[in-house]
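Enquirer: If you scroll down you'll find the structure; I have some questions about it.
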Amino acid sequence: MIETAVVILNWNGVHHLKSFLPGVLSLSVSNGSQVFIGDNGSVDDSVAFLKEQFPEVKLIRLDKNYGFSEGYNRVLKTIDARYFVLLNSDIEVTENWLDPMIRILQSRPDVAAVMPKIRSYKNRSYFEHAGAAGGFIDRFGYPFCRGRILNRVEKDEGQYDQESEIFWATGACMAVRADLFNNLGGFDAFMFAHMEEIDLCWRFQNAGYKVIFSPQSVVFHIGGGTLPNEHPRKLFLNFRNNLILLYKNLPSRKKPGVLLTRMVLDGIAAVKFLIYLKFQHALAIIRAHIQFYRILPKYRNARKSLPATTTYPKMMYMGSILYQFYIRGIRKFSSLNFVR
């Protein structure tokens with residue numbers, strides 16, 4: 001067994017591998033760590049490039065694109081390690097990015113996962129949308145971050161430079177206990193991509209573990225590499241998977257009210273897209289709800305195998321982030337007075 005496996009899931013990302021893999025190799029291979037590339041059925045030159053330029057990298061090839069969730073599940077099943085570090089191919093790592101996260105996992109058995117500070121590769125003094133300085137969700141399932149509320153991203157001025165407990169760690173870069181990841185079933189394969197890391201971190205908390213943000217570790221993320229933020233496909237996956245994670249993880253007595261509220265709020269979002277003549281976007285939200293209701297029997301059975309929960313996780317924001325953003329005009333996490 002190796003101590004730490006840094007695992008990059010690649011899909012047609014040879015351009016990112018050329019740019020960022022050398023840095024990952026030079027700044028990660030220490031203290032028993034090893035770099036792996038899981039190739040998700042790429043049809044570009046990724047495999048040939050890796051074999052020719054980086055034969056020392058452990059390459060795990062999948063026969064097709066299984067998405068983020070099942071792709072990682074399949075790749076990680078083949079790796080015997082104490083800790084997994086999931087890393088997007090479009091991330092630039094920095095000096096000492098890895099050790100702070102691993103030290104937390106080594107010293108704190110109550111911690112399931114750790115994420116670094118995520119800053120924008122293109123606008124380097126600002127946080128990046130996918131994770132920023134640690135993720136949270138509100139009581140209705142809407143995600144936000146320290147350093148990013150909805151579409152407003154803050155400049156990093158050291159305001160979140162404290163090691164802190166958070167609700168979710170971004171799948172773009174997260175260190176996780178391998179045994180716990182495997183014991184809890186890994187990512188939800190049906191989700192394919194988007195929201196799967198929030199679902200996993202919620203399950204960690206329901207099982208009694210914590211998720212931590214480590215500001216001593218810093219990486220730079222390009223983001224939006226597979227689908228633009230408002231692409232109808234991405235919109236569909238985000239809305240559908242958000243409903244799934246709520247149904248799976250909410251306390252049973254809270255589910256009816258929350259899901260009913262989401263029907264109303266998502267309906268408003270669809271109408272807004274119609275007003276702006278974005279018909280494919282409105283249809284994506286409608287399709288997300290239709291598919292969610294169709295697969296409810298599957299998740300009704302799956303829910304029975306998860307730990308019974310009667311309360312919200314400690315790190316959930318019990319207000320509405322939409323109300324804070326659109327009605328109160330809150331644009332910064334620090335203005336929420338959200339203290340745990």
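Enquirer: Within segment 112-121, identify whether any single residue is of a type outside the set (Gly, Ala, Ser), out of contact with any His (no Cβ under 9 Å at 6 or more places or on another chain) and farther than 20 Å from Gly158 by Cβ, and answer yes or no. Can you show your working first?
Expert: In the first step, residues of segment 112-121 are kept if they are of a type outside the set (Gly, Ala, Ser); the result is 114-119, 121.
Right, trim to out of contact with any His (no Cβ under 9 Å at 6 or more places or on another chain) and you get 114-117.
Those still in the list that are farther than 20 Å from Gly158 by Cβ too: none.
No, segment 112-121 contains no residue that is of a type outside the set (Gly, Ala, Ser), out of contact with any His (no Cβ under 9 Å at 6 or more places or on another chain) and farther than 20 Å from Gly158 by Cβ.
Enquirer: Which pairs have Cβ atoms under 6 Å, sit 6 or more apart or on different chains, and link a residue in segment 318-339 that is assigned by TED's automatic domain parsing to the domain that holds Val153 and in a loop (DSSP other than H, G, I, E, B) to one that is among the polar types (S, T, N, Q) and surrounded by fewer than 16 Cβ atoms within 10 Å (Cβ to Cβ)?
Expert: Pairs that qualify, where the first residue is assigned by TED's automatic domain parsing to the domain that holds Val153 and in a loop (DSSP other than H, G, I, E, B) and the partner is among the polar types (S, T, N, Q) and surrounded by fewer than 16 Cβ atoms within 10 Å (Cβ to Cβ): there are none.
Enquirer: Further question on the same structure: Taking Asn182 as meeting all but one of (1) within 23 Å of Val75 (Cβ to Cβ); (2) buried (at least 20 other Cβ atoms within 10 Å of the Cβ), write down the number of the exception.
Expert: So Asn182 meets the others, but not (2).
Enquirer: Next question. How do the pairs read when you match residues in segment 68-84 that are at pLDDT 95 or above and surrounded by fewer than 19 Cβ atoms within 10 Å (Cβ to Cβ) with residues anywhere that are part of a helix (DSSP H, G or I) and of a type outside the set (D, E, K, R), using Cβ under 7 Å and keeping only pairs 6 or more apart or on different chains?
Expert: Listed pairs, sorted by first residue: Arg82/Ala178.
Enquirer: Could you say which residue among Leu27, Leu87, Leu50 is hydrophobic (A, V, I, L, M, F, W, C), in contact with a Cys (Cβ under 6 Å, 6 or more places away or on another chain) and surrounded by 15 or more Cβ atoms within 10 Å (Cβ to Cβ)?
Expert: Numbers: Leu27 fails: in contact with a Cys (Cβ under 6 Å, 6 or more places away or on another chain); Leu50 fails: in contact with a Cys (Cβ under 6 Å, 6 or more places away or on another chain).
Just a single option satisfies the conditions, and that option is Leu87.
Enquirer: While we're looking at this one, here's another question. Quick one: is Lys122 of a type outside the set (Ser, Thr, Tyr) and surrounded by fewer than 21 Cβ atoms within 10 Å (Cβ to Cβ)? Give the derivation first.
Expert: Values: of a type outside the set (Ser, Thr, Tyr): yes; surrounded by fewer than 21 Cβ atoms within 10 Å (Cβ to Cβ): yes.
Yes; evaluated as a whole, the condition is true for this residue.
Enquirer: Could you list, in sequence order, all residues of segment 1-18 that are over 13 Å from Asn40 (Cβ atoms), part of a strand (DSSP E or B) and in contact with a Phe, Trp or Tyr (Cβ under 8 Å, 6 or more places away or on another chain)?
Expert: Scanning segment 1-18 gives Glu3, Thr4, Ala5, Val6.
Enquirer: Among Ala130, Ala113, which is farther than 13 Å from Phe213 by Cα and not assigned by TED's automatic domain parsing to the domain that holds Leu259? Show your work before the answer.
Expert: On the way: Ala113 fails: farther than 13 Å from Phe213 by Cα.
Going through Ala130, Ala113 in turn, the sole match is Ala130.
Enquirer: So Ile166 clears everything in (1) touching a Pro at 6+ places or on another chain (Cβ under 6 Å); (2) buried (at least 20 other Cβ atoms within 10 Å of the Cβ); (3) closer than 17 Å to Ile104 by Cβ except one condition, right? Which one?
Expert: With respect to (1) touching a Pro at 6+ places or on another chain (Cβ under 6 Å); (2) buried (at least 20 other Cβ atoms within 10 Å of the Cβ); (3) closer than 17 Å to Ile104 by Cβ, Ile166 is out only on (1).
Enquirer: While we're here: Can you pull out every residue in segment 183-200 that is in contact (Cβ under 8 Å) with a residue 60 or more places away in the chain and in a loop (DSSP other than H, G, I, E, B)?
Expert: Residues satisfying the conditions are Gly186, Phe187, Asp188, Phe192, Ala193, His194.
Enquirer: Tell me whether segment 232-244 contains one or more residues that are out of contact with any helix residue (DSSP H, G or I) (no Cβ under 7 Å at 6 or more places or on another chain), surrounded by fewer than 19 Cβ atoms within 10 Å (Cβ to Cβ) and either within 22 Å of Val93 (Cα to Cα) or among the hydrophobic types (A, V, I, L, M, F, W, C) (or both).
Expert: Checked against the condition, which is being out of contact with any helix residue (DSSP H, G or I) (no Cβ under 7 Å at 6 or more places or on another chain), surrounded by fewer than 19 Cβ atoms within 10 Å (Cβ to Cβ) and either within 22 Å of Val93 (Cα to Cα) or among the hydrophobic types (A, V, I, L, M, F, W, C) (or both), segment 232-244 yields no hits at all.
Enquirer: Then there's this: Based on what the data block shows, is Gly41 in the same structural domain as Ala189 (by TED's automatic domain parsing), on the phi > 0 side of the Ramachandran plot and among the small types (Gly, Ala, Ser)?
Expert: Taking the combined requirement at face value, the residue satisfies it.
The values are calculated or read from the model by the stated rules, or taken from the named source; none is laboratory data. Everything numeric here is computed off the predicted structure, so don't read it as measured data. Methodologically, a virtual Cβ is constructed for each residue, glycine included, from the backbone with ideal geometry; neighbour enumeration extends over all protein chains shown.
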